[in-house]
1. For the chain, what value does the Rg/Rh ratio take when both radii are computed over Cα atoms and Rh is the Kirkwood radius, given to two decimals?
2. Provide the gained length on full extension for the span Ala21 to Trp4, in nm with one decimal, where the gain is 0.36 nm per separating residue minus the Cα-Cα distance.
3. Quantify, in whole percent, the carbon and sulfur part of the accessible surface of the chain (1.4 Å probe; protein heavy atoms only).
4. Tell me the relative contact order for the chain as a rounded percent, counting alpha carbon contacts under 8 Å between residues six or more apart.
5. Considering only protein heavy atoms, what is the solvent-accessible area of Leu50 at a probe of 1.4 Å, reported in Å² to the nearest 10?
6. Per-residue ellipticity at 222 nm for the chain, helices alone: DSSP H runs ≥ 4 residues times -39500 (n - 2.57), over residue total, nearest 500 deg cm²/dmol?
7. Report the one residue of Pro3, Leu68, Ala15 whose Cα lies farthest in the direction of the positive end of the charge dipole of the chain (charges on C-beta: Lys and Arg +1, Asp and Glu -1; origin at the Cα centre).
Amino acid sequence: MAPWAGAAGFDDVFATSLEYADGHATGRIAGGNCRAEEKLRRLQERYGDLSAVILHGYGDSADDLYFLRR
């Protein structure tokens, strides 16, 4: 996702990552699932006070309201 996002002009990507073992996807998530509170936590970790920055985002579920309302 990151190479495509960079080519499309995006500065950062926040997404759920797959776990890999021996070069193959295990079917499990690596780290936290980037949704709801976890997505907001990652944004705040990267940018700090979200009221001090201009962010553009897209959401397609109710879980995205956590970051869209910030």
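The values are calculated or read from the model by the stated rules, or taken from the named source; none is laboratory data. What you are looking at is a predicted structure, and each value in this text was computed from that prediction instead of being measured. Don't worry about glycine lacking a Cβ; one is built from the backbone with ideal geometry, like all the others, and counts go over all protein chains shown. Heavy atoms of the whole protein, side chains included, go into the accessibility calculation; ligands, DNA and RNA do not. Shrake-Rupley method; radii C 1.70, N 1.55, O 1.52, S 1.80 Å.
1. My calculation puts Rg/Rh at 1.01.
2. Using 0.36 nm per residue and subtracting the Cα-Cα distance, I get 3.8 nm.
3. 51
4. RCO, the chain: 22 percent.
5. In the full protein context, Leu50 sits at about 20 Å².
6. -8000 deg cm²/dmol
7. Projecting each Cα onto the dipole axis, the largest value belongs to Leu68.
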